[in-house]
Each structure stands twice: as C-alpha cells, then as structure tokens.
Amino acid sequence: MRRYLIATIVALSVCNAAFAADILGDVLKQIAANNLTLQSIAHDNRADVLDLKAANTLAGPSVEYSPFFGNGYSGVAESELVVSQEMEFPTKYAARNKQAQMQQTVGEQLLAKQRRDILLQAQLLCIDVIRVNQTLAMLKERLANSEKLLQMYEKRMEAGDANALELNKVKLDCMEVRTLVNESQGERTALVQQLQQLNGGKPIDVTTTELPDFPKITDFESYRTLTLATDADVAVAKTALRAADMNLKVQKNEWLPNISLGYRRNTEQGEAINGVLVGVSFPLYSNSRQMKAARERKESAELQVAQAKHEAVATLRTSYEQLQGLQQVIDHSDVKLLQESLTLFAKALQQGEITALAYYVEINSIYEKLQRHIDLHCQSVKLLAELHKNDLLQIGS
C-alpha cells in the first residue's frame, strides 16, 4: 500500500510539472506570435535584403542631346545625340547577389537570437508569477487560519478564558497577513502587465502554482559542448564572420572595370553619322582602401566569435555553480516537517497548551522558512531556464 501511495504521489508530481510546462509553452507561443519587437525586426530584415537587391541592379540609361548653332545658318547647324548604358562587370552582380543572401541569413540569425531573449524574459516572468501564485496560496491559507483563531479568541474573551493582549496579537496578525496578501497581489499585477507588454498588449495570464520542470544537468562538460553548438549568440557571431568573409570577396571583385555601351549620332548640316560608344572605367584609387576596410571587418568578426564563445561558457559556468549552491540549500529544507509543525502548533494553541504569543513567535518563523523555500526554488528554476534558454529557439521559428 505504501509503495502504491508513493508511486501515485510521484506520478501526480510529474503530471503537474508537465501540465505547467504545457501552460508556459502556450504562453510563449502567443508571445512569439504577438510580440511587436519581433515583428518590427522581421520587417527590418526584409527591408535590408530588398535594399541590397535594389542596389544590385543596372542604373538607368542616359540620354544626352546637344544642338549647335552657327552664324549664317538658320536652325540647328550641328547636333549630337548620345544614348548610353553603364554597367558593372557581370561577376560583380553575382557576388553581390550572394552577399544579399548572406545578409538574409544574418538577419534570420539575429531575429532568432532576439526571439530567444524575449521568450527567456517572458519565461522568467512566468516563473515569477508562479512564485507569487504559490505565495498567495500560502498567505490565503494563513489568513483563513488567523481569522478562525480570531473568532476563537473573541469567544474565549467573552468567556473570560483569554486576555486582551492575546486577542490583540491575533488581530495584528490578521492585519499583517492581509497586508502581505495585498502586496503580493500588487506584485502579481505588475508581473502580468509586463507579460502583456511582451504579448503585444494582448491579455495573457498564468494561474498555475506548479513550476515547470527542466532537465537536470549531470555532466557540465558534455552539457557545455552541446550548448555551445546551438547557442544563438555564438551562431550570430559565426554568421557575421561568414558575412564579413563574403564582403571581402565582393571587394576583391571591385577592381574589375565598369563598362559603358551606347549609341551616338552626330548631324552636320543635315547629314547624319551614326556610331557606337564604348567606355571602361577602373576604380584605381578607392578599391585598395575598401579592401583594407573589409579585412579589418573580417578580423573584428573573428575576434567577436571568440568573445561570444568565452562569454557563453562563462555565463553557463556561473549559472551552473549558482544552481549547485542553491540546490544544496533546497535539499536541506524539509517542507513537510514545516507544514506538520504548523498543524501541531495550531492544535497546541486550540487545546490551551501554549499561549497566542508563543504560537505566533513559532509560526511566523515557520512561514518565513516556507516563503524562503518558495523563493529559493523559484531562483533555482530560473537558473535552469537560463541554462536551457537555447531550447526556446524551437518556439516560433
């Protein structure tokens, strides 16, 4: 029977954690779809790509007409008509087309990173809302118990079995708990408003009291290797490096000449002469400096990749070590013992074994420990959420 009960409790705990994860998943999907910042970035990315493609087209044709007038000749003595089209060397267009495709990839990576950061912010807010939900549930239960005690002591006071000091202590506790409830409700309202802002101003809420369950990290080195392979910050830096390399290749093509082709017609006293215009221009002075700038950008991008990796590893290690320290404190916290102690002290007070003053000294200490446990558990779950933040890349992509 005992094994069956334990198995049932474990199964319920797993189901509750899975249910909480589903609720948070739905909230994050809504925010990914409704967030105005993400929508704005997506439009900017498309605009940047269109700008590159627009710049990678032929310029408009040029038409020039020059009439000449002479003494002793009525009308136009001579005229010149030139219709020309200037174009860059064909391989430049192909290289810039690849550059536009790379720019699109850079924009997609930046959007994915921004979406991950916004969803992580939303996820941490959801966890805080759940923490406040747990606090409110505990405070409402505590307030209900205090109100029952107040009724009991008012009856005892009428019967002469209690004194005014004890009755006032119960009343003060009711006032204190109501204040704590109001403060927690205010905090919850502020957190939900922040969630709604991330959701594009649309209503959204989290009502569960169950925190989401994240996979435990047993081997940090294996976890670090896997995380770096999918980290959005590192991916952005690597994509920027590929874009810088592509830009260098584009600049190497810039030494190729620009070509002008056209038609030319000259008339002199009614006689016309037709011809072809061919011109070539070489960027002798600007290309070398552009090449140097492109090389500098590539070296900068290489350093940014290394920096992104170092920062990612440092962040992972710091969060992991903080989580380990918090977990040790949580493991030493016996919530069941604290809850049993509340019940025992309540019975002792009802049976007259302790005074109201002694009772509140003890239960206030117990409730502080329970609140501390709620806060620490919330912090540990938030650290796990940050450690698994790159899993959010799958939402809304």
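Considering region 326-338 alone, what residues qualify as being in a helix (DSSP H, G or I) and either modelled with pLDDT of 95 or more or surrounded by 12 or more Cβ atoms within 10 Å (Cβ to Cβ) (or both)?
LEU326, GLN327, VAL329, ILE330, VAL335, LEU338
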Could you go through region 38-58 and let me know if any residue there is open to solvent by 100 Å² or more (accessible area, probe 1.4 Å) and modelled with pLDDT of 90 or more. yes
Restricting the search to region 70-101, which residues are part of a loop (DSSP other than H, G, I, E, B) and among the β-branched types (Val, Ile, Thr)? VAL76
Report yes if ASP375 is open to solvent by less than 90 Å² (accessible area, probe 1.4 Å) and under 28 Å from the mean Cα position of the chain (by Cα), otherwise no. yes
In region 22-37, residue nearest to GLN196 (Cα to Cα) [restricted to those that are among the polar types (S, T, N, Q) and open to solvent by 60 Å² or more (accessible area, probe 1.4 Å)]: GLN30
Return yes when ARG297 is surrounded by 14 or more Cβ atoms within 10 Å (Cβ to Cβ), closer than 30 Å to GLU64 by Cβ and not hydroxyl-bearing (Ser, Thr, Tyr) and no when it is not. no
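When you go through SER288, SER300, SER333 one by one, which is the residue that is under 28 Å from TYR367 (Cα atoms) and not hydrophobic (A, V, I, L, M, F, W, C)? So that I can check it myself, show each step before the final result.
Numbers: SER288 fails: under 28 Å from TYR367 (Cα atoms); SER300 fails: under 28 Å from TYR367 (Cα atoms).
None of the other options fit; the residue is SER333.
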Mind listing whichever residues of region 122-142 are under 17 Å from GLN39 (Cα atoms) and open to solvent by 40 Å² or more (accessible area, probe 1.4 Å)? none
Within region 198-210, is even one residue of a type outside the set (Gly, Ala, Ser), over 26 Å from ILE23 (Cβ atoms) and either open to solvent by 30 Å² or more (accessible area, probe 1.4 Å) or touching a Pro at 6+ places or on another chain (Cβ under 6 Å) (or both)? no
Just give me the residues in region 179-193 being open to solvent by 80 Å² or more (accessible area, probe 1.4 Å) and either of a type in the set (S, T, N, Q) or at pLDDT below 95 (or both), in sequence order. ASN182, GLN193
Residues to consider are TYR320, TYR359; find the one that is hydroxyl-bearing (Ser, Thr, Tyr) and in contact (Cβ under 8 Å) with a residue 60 or more places away in the chain. TYR320
Given (1) part of a strand (DSSP E or B); (2) modelled with pLDDT under 85; (3) open to solvent by 80 Å² or more (accessible area, probe 1.4 Å); (4) not aliphatic (A, V, I, L, M), PRO67 misses just (3)
Filter region 214-269 for residues that are of a type outside the set (S, T, N, Q) and touching a strand residue (DSSP E or B) at 6+ places or on another chain (Cβ under 6 Å) and give the result. PRO257, ILE259, LEU261, GLY262, TYR263, ARG264, ARG265, GLU268
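In region 48-81, how many are charged (D, E, K, R) and over 47 Å from the mean Cα position of the chain (by Cα)?
3
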Which of the residues belonging to region 82-112 are open to solvent by 50 Å² or more (accessible area, probe 1.4 Å) and in contact with an Asp or Glu (Cβ under 7 Å, 6 or more places away or on another chain)? GLN103
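The values are calculated or read from the model by the stated rules, or taken from the named source; none is laboratory data. Note that the coordinates shown come from a computational prediction; the quantities given were computed from them, not determined experimentally. Positions of Cβ are backbone-derived with ideal geometry, glycine not excepted, and every protein chain shown enters the neighbour counts. We work out accessible area using only protein heavy atoms, side chains counted, and drop any ligands, DNA or RNA first. Shrake-Rupley method; radii C 1.70, N 1.55, O 1.52, S 1.80 Å.
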